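Student: Sending over a structure as C-alpha cells; questions will come in a sec.
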Amino acid sequence: MKSNLSTLLLTLTCGVTGLVVPAQQPAGDPYEALAKFQFGQSRQPLALIEEQIRKTAPADYAAIEARLLPVLKAPETPKDAKRYICRWLGLVGSAACVPAVAELLTDPDLSHPARMALEPMPAPAAGAALRAALPKLHGKLLVGVIGSIGVRRDALAVEALSQFVGDTDPTVAGAAIAALGQIGTEQAALALDNARVPETLARTLARARLTAASHLAKSGSSAQAVAIYRGLMSAQQPQAVRVAALQGLIGALPLTDAVRLILDMLQGDDATMRAATISAFARSSDTAMKASVAAELPNMKPAGQLILLAVLADQPDAAARPGVLKVLNSANSDALRVAALECLAVHGEAADVPTLVGLASDPAAAVAAAARKTLQRLGKSGVDDALLRLVESPRPSDRAVVLGTLAARRVESALPILARLLGNPDASLATEAAKALGIMGKTEQIKDLAGVLASTDNATLRNAAAEAAKAICRRATDKPAAGAFLLSALQKSEAAPARIALLETLVYAGGEPALNSVLAHLRHADRSIGNAAARALIDWPDVTAGPHLIDLAKNTPDASQVIVVLRDGCLRLADMDDQPLAERVNILRGVLAVAKRTEEKSRALAALANMPSLAAMELLQANAKDPALQTDAVKAAIKLSRQLAAVYHRQTLAALEAIKAQAGTDELRAQVAAAIRAAQNAGQSPDGFILAWMLAGPFTEEGKDGGALFDIAFAPENASAKIDWRPATASKSGLVELDKMFRGENRVAYLRTQITSSQEQDAQLEMGSDDGIKVWLNGKVVHANNAIRPCAPGQDKVRVKLKQGVNHLLLKVTQGGGEWSACCRLRAVGGKELPDLAVGPSVE
C-alpha cells in the first residue's frame, strides 16, 4: 500500500513534465536527498516532502521549516533545491526563515523564488525584508521586489516606492506606480496624485489611481475615492479610463447621488459613457440602487425611458414594476408602450393580467403583439389562475386572448375548462376553446371535439374543432384511442357536414377500424359523404389503403378521379420510405395495371428505381417490353441495378441481360451494357470497403435520443425476430448514407452482411460512423462506441478472427440529428488486402 501511495505522489509531482518515474522505497531521509537535488534526478524525495506538508496541520509547520532552513542556508545546496525550498517556505515559513530567504533577493537565479516565499508570508519581517532590499537592486530584480510589495499592500513602503516613481527606467517607475495603486491607502493615493510622469506612463498612472480609489472605497474612505474617480472622468483622460472611473464612481457615491449620476448618464449624449453606465448598473448587486433608479422611470425623458426599460428587462432582481406600470399607463408613443410591456414580462405579476389582456386587443398592432407575448412570458406565481378567472370574460376579444394565452403557456389545468367551453352557446367562445385545445389538448379531449363535430351546425366552430382534433391526433401516442372517439361520434352523427368532417379527421388517427369505416362510406347514398370518404382514402397515412385505392381507381367511372387517386393516393404512398417495401412495390404494380395514361405509368416506373427489391426489377423488366414505356423502364432498371447488384448479383445480371435483349435502340443497349459491366464488379471495393448490405430500420423509442437508444436491443439484435430487411449499397467510398434513406432524428438503423472466408484468419474491421456504432461478428459484440461525431473512414478499428466459411456481420448505427451514415472496411491486420474473401448478404 505504501509503495502504491508513493507511486501516486511521484506521478502527481512529475505531472508538469509528463514524466512518470517508478517509485521505490526511500533509501533515506528525503531532506538529505533534497540537499543534493538537481533537475533531472529522481523527484521522489520532493514528493515525500510535499506529502508531509499536505498532511501537516498549520500549527505544526514550524517543524518542517526547521528541517528546510539548514538545507537552504548550506552553501553547497544546489540552486535547483533552493527553488523548491523557497516555494515550500511560502506556505510553511515564518519570521524565522526571513533572513535566510532575504539573502537570496539579490541573486539573479533565486530572487524570484525568494519573493514567492516572502510575498504571501503574513510575518511583518517579510515586508521589512522586501523594503530593505529596494536600495540593493536594480533592473528586473528591483521591478520584481516592487511588484511583491504591491501584492502585499505594504503601507510602510509608500515613501520608499514614491522615490521610484520618477526613476529613469520606465519599467521601474511603472512598477512603483502600480504598486502604490495596489497598496491603495490615503498616503499612497496622495503620492499618486502628486506624481508627475511622462506621457508614456500616463495610462499606468491612471490605472493605478483607479485601483487605489477602489481600495479606498472598500475601506470606507468614499470621499477620497469619489474625488479620484471624478478627476479621472475628465475629457483629457483616455476613454477606457473615463469608463472605468464612471463605473467606480457609481459604486462609491451615496445612493441618492449615484442614482442621479446614472440617470444623467443614461439621458446624456455621450454614447460611450451611457454604455458604461448601463454595464455598471447591470452588474451591480445593489438592489436598493436599482429600485431607486427604476422608480425614476416616469420622470425621465422618453429616450432615457427606452434605454432604462431595455436594461431593466434583463434585471429580474430589480424592483422595477411600479415605475414600469406608470410608464405603460402614461406613455404617448407606441414604442414606449411596447418597451414597457417587454420589461413587464420580467417584472409583471398576476395582478397585471387583466391590464395585459386588455392591451392584447389594442388598436396598435405592435402594442397588442407585445402584450400577448408578455402574457405568455409572465413567470410569477398566480398568473395561470388569473388567466383562468378571465376565461368567460364578457368581452369576446378578452376571451380569445385568454384562451390563446392558456394554450401558449400549456396550462394543463385549463383543459377541463376548455373542454367544457366547447359546449358554450356562444359559438365564438367555443371556437376559441377549440383552437386552444388544438395547441395543448390530449387524446382524451378528442372525445369532446368529436362531439362538437357530430352536433354543431356552426361551420366556423366545426372547422376549428376538426383542426384541433387533427392536431391532437398528429401528436397522440395512442392513435387507436383517438380513432375510437372519432368513430363513436361518426356512428351517432346524421348531418352530412358532420360526417364529412369526421371522415376527414379519421385520416389523422388511422388504424384498421377507421379505414373500414372510410371504405363503408364510399358507397354512401349522399355523394358528398362518398366523395369525402374517397378523399380520406386518398389521404390515408399508410400503405394499408393501397389495395383499396387500386380498387377505387379500377372501378370508378370518373377519369379525373382516377388520376387523383393514382397520383395523390397511390404514388404518394409508394414514395413513403418509412412504409414496408413490399407493399409499396405492390401499390406500384397496381398503378401500372390500372393507369390509362403514360404520365402515371412513367411516375410509377421512376419510383420503382428507388425500391431495392427483385420484385421491382421484375416489374421494370416486364414493362421494358412496352415500346411506349421502354425508355423509362430501362433507365429505371439501370438505376435500380446499382442498388441490387451487390446483393442480388445473379438475378440483377440476368434481368439486365434480358432488358438488353429487349432494348429497341443502340443507345439503350449501350447503356444497359455499361450497367452490366458495373454490376459484375459489385460486393467489395478494391480497397476493402464493404459495399453490399441489407438494411433494417429506422427504430425509435418515445422520449429517447440517439445516445439513449444505443443500448436498447431492437428486433435485429434478436436472431429469431422477423425483420423487414432491404438491400442497401454503399458508395464507392464505402459510405452508406442513412440520412438519404430515412428521414428524422433520434433513431437507429441496422446493416448486415456476410463475409465468406476460405480459411480461418485474423482480420481488422475499420469503421466510421455518424453517430454511434455497435458491431457484432457471428453473434458476439466485438466493438461499441456510443459517439456523437461526423463520419470518417477508420475512426474505430478492431481486430477480429474470421472463421472458415460464412461469417455474419451486423452493425447498429445511431442517429441524434443532422447527417447519418456509416462505413466499414475489411483488411488484414497489417492493413493489406485479405485473401480469398467473398462479401455480400445471402439473399438467394
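The values are calculated or read from the model by the stated rules, or taken from the named source; none is laboratory data. Note that the coordinates shown come from a computational prediction; the quantities given were computed from them, not determined experimentally. So basically every Cβ, Gly included, is an ideal-geometry build from the backbone, and we count neighbours across all protein chains shown. Heavy atoms of the whole protein, side chains included, go into the accessibility calculation; ligands, DNA and RNA do not. Shrake-Rupley method; radii C 1.70, N 1.55, O 1.52, S 1.80 Å.
Student: Just wondering, is there one or more residues in the stretch 767-786 that are open to solvent by 60 Å² or more (accessible area, probe 1.4 Å) and closer than 28 Å to T652 by Cα?
Tutor: no
Student: I would also like to ask the following. How many residues are open to solvent by less than 50 Å² (accessible area, probe 1.4 Å) and closer than 21 Å to E444 by Cβ when one looks only at the stretch 499-516?
Tutor: 9
Student: Something else: If the requirement is being of a type in the set (G, A, S) and farther than 21 Å from E119 by Cβ, which of these qualifies: A208, A179, A195, A175?
Tutor: Answer to the check: A195.
Student: Considering only the stretch 397-413, how many residues are β-branched (V, I, T) and either surrounded by fewer than 20 Cβ atoms within 10 Å (Cβ to Cβ) or at pLDDT below 90 (or both)?
Tutor: 1
Student: Any residue that is touching a residue at least 40 places away in the same chain (Cβ under 8 Å) and either open to solvent by less than 30 Å² (accessible area, probe 1.4 Å) or farther than 17 Å from A433 by Cβ (or both) - is there at least one of those in the stretch 466-476?
Tutor: no
Student: Another question about this same structure. Step by step: first the residues of the stretch 57-102, then only those that are outside any helix (DSSP H, G or I) and in contact (Cβ under 8 Å) with a residue 24 or more places away in the chain, then the one that is most open to solvent (accessible area, probe 1.4 Å). Which residue is that?
Tutor: E76
Student: Between residues in the stretch 779-796 that are in contact (Cβ under 8 Å) with a residue 12 or more places away in the chain and residues that are aliphatic (A, V, I, L, M) and open to solvent by 40 Å² or more (accessible area, probe 1.4 Å), which pairs lie under 8 Å by C-beta distance while being six or more apart or on different chains?
Tutor: G779/A719; C791/L735
Student: Further question: Under 7 Å between Cβ atoms, which residue pairs at least 6 apart in sequence (or on different chains) link something in the stretch 728-749 that is farther than 22 Å from W776 by Cα and open to solvent by less than 10 Å² (accessible area, probe 1.4 Å) with a partner that is assigned to a strand (DSSP E or B) and not small (G, A, S)?
Tutor: That search, which allows pairs on different chains as well, returns F742/P698.
Student: In the stretch 337-351, which residues are assigned to a helix (DSSP H, G or I) and open to solvent by 10 Å² or more (accessible area, probe 1.4 Å)?
Tutor: Hits for the stretch 337-351 are R337, V338, A339, E342, V346, A350, A351.
Student: Can you pull out the residues in the stretch 261-303 that are out of contact with any Gly (no Cβ under 9 Å at 6 or more places or on another chain), among the acidic types (D, E) and not in a helix (DSSP H, G or I)?
Tutor: Hits for the stretch 261-303 are D269, D270.
Student: When only residues in the stretch 546-592 that are in a loop (DSSP other than H, G, I, E, B) and within 41 Å of the chain's Cα centre (by Cα) count, which is farthest from D724 (Cα to Cα)?
Tutor: D575
Student: Another question, if that's okay. With the condition being β-branched (V, I, T), I'd like the helices (runs of 4 or more DSSP H) fully within the stretch 381-445 carrying at least 3 qualifying residues.
Tutor: 396-408
Student: Only one of these is over 38 Å from the mean Cα position of the chain (by Cα), open to solvent by 30 Å² or more (accessible area, probe 1.4 Å) and without any contact (Cβ under 8 Å) to a residue 24 or more places away in the chain: P394, P416. Name it.
Tutor: That would be P394, the only listed residue that is over 38 Å from the mean Cα position of the chain (by Cα), open to solvent by 30 Å² or more (accessible area, probe 1.4 Å) and without any contact (Cβ under 8 Å) to a residue 24 or more places away in the chain.
Student: Next up: Given the conditions (1) closer than 30 Å to A366 by Cβ; (2) part of a helix (DSSP H, G or I); (3) open to solvent by 60 Å² or more (accessible area, probe 1.4 Å), and given that D257 satisfies all but one, which numbered condition is not satisfied?
Tutor: The one condition D257 does not meet is (1).
Student: Every residue in the stretch 756-774 that is acidic (D, E) and either in contact with a Cys (Cβ under 8 Å, 6 or more places away or on another chain) or within 10 Å of N785 (Cα to Cα) (or both), please.
Tutor: If the condition is that a residue be acidic (D, E) and either in contact with a Cys (Cβ under 8 Å, 6 or more places away or on another chain) or within 10 Å of N785 (Cα to Cα) (or both), then E766, D770, D771 are the ones that fit.
Student: Looking at (1) surrounded by fewer than 16 Cβ atoms within 10 Å (Cβ to Cβ); (2) at pLDDT 95 or above, which one does A533 not meet, given that it meets all the others?
Tutor: Failing condition for A533: (1).
Student: When only residues in the stretch 120-170 that are of a type in the set (D, E) and more than 50 Å from the chain's Cα centre (by Cα) count, which is farthest from A212 (Cα to Cα)?
Tutor: Step by step, filter the stretch 120-170, then rank; the result is D169.
Student: Another question, if that's okay. Whether any residue in the stretch 311-320 is open to solvent by 50 Å² or more (accessible area, probe 1.4 Å) and assigned to a helix (DSSP H, G or I) is what I want to check.
Tutor: Within the stretch 311-320, not a single residue is open to solvent by 50 Å² or more (accessible area, probe 1.4 Å) and assigned to a helix (DSSP H, G or I).
Student: Same structure again: Being open to solvent by less than 10 Å² (accessible area, probe 1.4 Å) and either closer than 20 Å to L519 by Cβ or small (G, A, S) (or both) is true for just one of A559, A615, A604. Which residue is that?
Tutor: A604
Student: Something else now. Could you check how many residues of the stretch 818-844 are surrounded by 14 or more Cβ atoms within 10 Å (Cβ to Cβ) and in a loop (DSSP other than H, G, I, E, B)?
Tutor: Number of matching residues: 6.
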